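Worksheet: the structure to be examined is printed underneath.
The values are calculated or read from the model by the stated rules, or taken from the named source; none is laboratory data. Being a predicted model, the structure only gives us computed values, none of them experimental. Cβ atoms come from the backbone with ideal geometry, glycine included; neighbour counts cover every protein chain shown. Please note that ligands, DNA and RNA were not included when accessible areas were found on the heavy atoms of the full protein model with its side chains. Shrake-Rupley method; radii C 1.70, N 1.55, O 1.52, S 1.80 Å.
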Amino acid sequence: MNPSPASQDTAALARALIPPPEQVLTMPDPQTLLAKIETAPGIDGANIFPLEWHVQTPKLYDIYDAARDPGWSPHTLAWDTLRAEDYSLDQRYAMAYWFSLLAVFDGSGPSVFARAMIHTYESKEEDPVRKCFFSVVRDEMNHEEVCGRAIKRLTPGGPLGYVPETPLGHLARNNIEWLYYNGSRYWTGFKNGVDKYPLAILFTSFLFGEVASSTLFHGMYQRTTIPVFKEAFKRIGQDEGRHLGICLAVLQKLLPVLTEDDKQMISIQLRAGFVFLSGILYEPPEQFWKLPPTFIPAQRHIDEVARSAGLGILTLDERKANWKTAVLRMKANLDPYGIEFPALPEVGIEGKEVVFDPEKVIPIF
Amino acid sequence: MSRTIVVNEALRFGVPEGEIILDAALSQGVILPHQCRGASCGMCKARVTQGTVDNGWSLGLAISDQEIADGFCLMCQARPSSAEVHLSTVQPIPGGEGSAVQSFEARVLCNTPLTPRVRRLVLQACEPARFEAQAGTYVELALPGLSPHRRYSLATVPSSDGLIELLVARHPGGAASGHVHDLLQLGDIIGVTGPYGTCRLPEGEGPVLGLAGGTGLAPVLSIMEDALGQGDTSPMTLLFSVRDDTELMLLDRLAGLAHAHPNFRYALLVTEARSRFSTKQQYAPSWLRENHESLAGARAVIGGSPGFVAACSDTCIALGMGSEAISADSFTPVAQT
């Protein structure tokens, strides 16, 4: 039987085979290699390497596991029920302004916590702490998205890419520019500060931010009459509750073993936090906030208009009372650990006189 | 030194010195109601009925100073400060105390009509399953060729013999209820999963109102019967609302309870026809307003359609009942979801 054409081709290919240049038939002797090894150079501090996954607080893993699915997503909220045409121009400007104000805090969340998360890697924090920060970054991204969607829906092109058609709109826009200016100063201070502090101080500041946001969103959730915002504030409030849980789990371990220096620094941080967070919980104090004389009168006017639209803005007196209550509760919970609370005369709280240092602002939403 | 925690007089576990109650429970696989673990949501609130706790962190959103003074705590922050602490949770324990969700096969023992629309279905768990559940829970039935599984509230608390009693109403176009009514035979084997659900007798000492619409009678009667059987002496009134006399059912059980327990009474309400059991046609909210100037301090268990539950719940709150004093089991036919 004659070979088929295909067989001939195979045979020709086999004859044309060329072996590789050299094959390693024996492995080097490990003992020989061991005698020649060089030690790796040292790694500079504040580096994410060497990687490791140590666990000191298993509870944080549980909280992280519970946060894997946040149970909601901004894009599934009922945005179609928020119709710009249902509101006057001023009401639209005022509500968009409030979300721009929220976004100075909440919108900075992803960047701020992402930066802090890198810090936890560089400072070799335990694995579940790093993972919890990851979940907080994700949550803050959702909160920022809510702000963005609300602004875009109420003022297409907003917060700055539109031309206001009313005096209040112009006031709102000017205020937003000032808010962004102060936000940029906060970001610079945060970047300079975040790497300097030990975990206890960072988390006390974060805790203050979470206390503030829980207070704020709880009040707005209760008060707003706009369905999509009611659900959004409720969901955001639930996320903030989880963040509180993270802060408390870390601090319950750290607070009992604070050094005296740590305690003094926390007192300073609390004052800084109060000043910064008052920008949204009450009214922005002068120590940090560089604002023009028109800012606060304009904001008060905008508050009234946003309130008339049903956004759930508390009155100034209500905000002051809420903020004072939240701060007092923070104080009551830190007192047992020997942390002197700073004087906060703005809301009538006596305490240790500490100097506000804008370079040391950490608080975060 | 370890402290002992007893929750709802059913769950018992140890808490190492200095440890938070919820943390200790979860680390031992004991599931308690909770969500944020940050003193913010209030899901883990409980009343300290015996012993003392250190309340730990409190932000005030989830628990007020007054509630702390009244003996409540948040299990996510509290540490036991006495050797033994007894707690009574505000929210029901997921799955019920000591009753884990199970999937098993059960045999049909009884499938008889109670009314033209409702059949009484009794199942018995096949070996080796031993089904335990609390009053107010529901199970999912896996009926042949039907997906998703259908949910039915328990009409009685399963006893040690493993009997599961359900009330199944026929819904227009309802594949599952149609199967139960027309095809399910004695001796058939069907899949059961459960227990599920959080409808329970609300904590407290005030009088209890049971508000049942149609087959919503199942969870309400189950809960009240169970409480009476355990010696609860709270005044209890069960209002059973139906559209006409032909929908009335289980009157022998209601009468038996009223005979055996002086603190239990029931009323029948017919909404859409003349009735020999009711002097006038009336809806439950109207009956509530007519018979109660105030429901402050009272508690309610409500079972029925979403509309019935919402209307009754709103009326109870309008009459001064606290929202935390209301527990409800609402059913929605699958065809309507």
Full extension from residue A:16 to residue A:160: what is 0.36 nm times the residue separation minus their Cα-Cα distance, to one decimal in nm? 44.7 nm
Would you be so kind as to identify which of B:249, B:82, B:218 lies farthest towards the positive end of the dipole of the protein assembly as shown, taking Lys and Arg as +1 and Asp and Glu as -1 on Cβ and the Cα centre as origin? B:249
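Quickly estimate the mean residue ellipticity at 222 nm for chain B, helices only: each DSSP H run with n ≥ 4 gives -39500 (n - 2.57), and the total goes over all residues, rounded to 500.
Details: 7 runs with 64 residues, N = 337.
Value at 222 nm, helices only: -5500 deg cm²/dmol.
Quick one: compute a quarter of the convex hull surface over the Cα atoms of the range B:233-303 and quote it in nm². Before the final figure, lay out the partial values.
Working: hull surface 21.2 nm².
Mean projected area for the range B:233-303: 5.3 nm², to one decimal.
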Let's test this: bin the Cα-Cα distances of the range B:13-92 at 5 Å from zero up to the farthest pair and state each bin's percent. 3, 17, 31, 29, 16, 4, 0
Specify the inter-centroid distance of the range B:1-77 and the range B:190-266, based on alpha-carbon positions, in whole Å. 30
Surpassing 20 Å at the alpha-carbon level, of the pairs A:263/A:324; A:191/A:352; A:191/A:234; A:331/A:352; A:59/A:253; A:191/A:320, are A:263/A:324; A:191/A:352; A:191/A:234; A:191/A:320
Could you report the buried accessible area between B and A, both sides summed, computed with a 1.4 Å probe and given in Å² to the nearest 100? 1500
In square angstrom, rounded to the nearest 10, how much accessible surface does residue A:137 have for a 1.4 Å probe? 20
Whole-number D in µm²/s for the range B:1-156 (Stokes-Einstein; Kirkwood sum over Cα pairs; 4 °C, 1.567 mPa s): 72
Residue farthest toward the positive end of the dipole of the range A:152-250, with Cβ of Lys/Arg at +1 and Asp/Glu at -1: which of A:160, A:225, A:174? A:225
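Suppose we keep just the DSSP beta bridges with both residues in the protein assembly as shown; what percent of those would be antiparallel, to 5? Let's see the in-between values first.
Numbers: 44 of 72 bridges.
Here the share of antiparallel DSSP bridges comes out near 60 percent.
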Rg and Dmax in Å for the range A:232-365, alpha carbons only: what are they? 16.4, 50
Compute the distance from the alpha-carbon center of the range A:146-172 to that of the range A:74-144, in whole Å. 18
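What is the percent carbon and sulfur in the accessible area of chain A, measuring with a 1.4 Å probe over the protein chains and ignoring ligands? Please list the in-between numbers first.
Details: 9870 of 17330 Å².
Of all accessible area on chain A, carbon and sulfur atoms account for 57 percent.
What is the average number of partner chain Cβ atoms found within 10 Å of a Cβ in A:240-250? Write out the running numbers ahead of the final one.
Working: counts 4, 12, 6, 3, 11, 10, 3, 2, 11, 5, 0.
Whole-number average of other-chain Cβ neighbours for A:240-250 is 6.
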Calculate, in whole percent, how much of the Cα-Cα pair population of the protein assembly as shown lies beyond 52 Å. 27
R0 of 30 Å, Cβ-Cβ distance residue B:323-residue A:170: FRET efficiency to nearest 0.05: 0.10
Charged-residue dipole, Cβ positions (Lys, Arg, Asp, Glu), the protein assembly as shown about Cα centre, Debye nearest 20: 1220
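Give me the accessible area per residue for chain A, probe 1.4 Å, as a whole number in Å². Don't skip to the end; give the middle numbers.
On the way: 17330 Å² over 365 residues.
For chain A, the solvent-accessible area averages 47 Å² per residue.
For an R0 of 25 angstrom, estimate the FRET efficiency from the Cβ-Cβ distance between residue B:291 and residue B:252 and round to the nearest 0.05. List each step's numbers first, then the result.
Numbers: r = 24 Å, r/R0 = 0.98.
The value I calculate is 0.55.
Going highest first, how would you order A:35-44, A:179-188 by mean Cβ packing within 10 Å? Let's see the in-between values first.
On the way: A:35-44: 6.9, A:179-188: 16.5.
Descending packing order for the listed peptides: A:179-188, A:35-44.
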What is chain A's relative contact order, in percent, from Cα pairs under 8 angstrom and six or more apart in sequence? 22
Accessible area, 1.4 Å probe, largest first: how do B:181, B:149 sort? B:149, B:181
How large, in percent, is the carbon and sulfur part of the accessible surface of chain B at a probe radius of 1.4 Å? 50
Given B:326, B:287, B:277, which one lies farthest toward the positive end of the charge dipole of the range B:266-337, if we put +1 on the Cβ of every Lys and Arg and -1 on the Cβ of every Asp and Glu? B:277
Calculate the spin-label point distance for residue A:9 paired with residue B:274, positioning each point 7 Å from the Cα along the beta-carbon direction, and give it in nanometres. 9.7
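If you place +1 on the Cβ of every Lys and Arg and -1 on the Cβ of every Asp and Glu, how big does the dipole about the Cα centre of the range B:1-106 come out, in debye to the nearest 20?
Numbers: 6 positive and 11 negative charges, 18 e Å.
My answer is approximately 80 debye.
What number, rounded to the nearest 500 deg cm²/dmol, is the helix-based mean residue ellipticity at 222 nm of chain A, given -39500 (n - 2.57) per DSSP H run of at least four residues and division by all its residues?
Numbers: 12 runs with 223 residues, N = 365.
It comes out at -21000 deg cm²/dmol, rounded to the nearest 500.
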Net charge over other residues, Cβ less than 13 angstrom from the Cβ of residue A:223 (K, R count +1; D, E count -1): +2
Quantify how much of the Cα-Cα distance distribution of chain B extends past 24 Å, in percent. 59
Amide H neighbours of residue B:243 under 5 Å, at least 5 residues apart or on other chains, H built in the peptide plane: list them. B:271
Dipole of chain B, Cα-centred, from +1 at each Lys and Arg C-beta and -1 at each Asp and Glu C-beta, to the nearest 20 debye? 780
Roughly how crowded by other chains is peptide B:32-45, in terms of the mean Cβ count from those chains within 10 Å of each of its Cβ atoms? 6
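What's the average, rounded to a whole number, of partner chain beta-carbon atoms within 10 Å of each residue's beta-carbon in B:57-68? Please report the intermediate quantities before stating the final value.
Values: counts 11, 3, 15, 10, 13, 4, 0, 0, 1, 0, 0, 0.
That works out to 5 on average.
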Taking 41 Å as R0, compute the FRET efficiency from the Cβ-Cβ separation of residue A:61 and residue A:81 and round it to 0.05. 0.60
Extent of the range B:1-42 along each principal axis, from alpha carbon coordinates, in Å, largest to smallest? 29, 23, 15
Please state, to two decimals, what the Cα-based radius of gyration of chain A comes to when divided by 2.2 N^0.38 Å (N = residues). 1.35
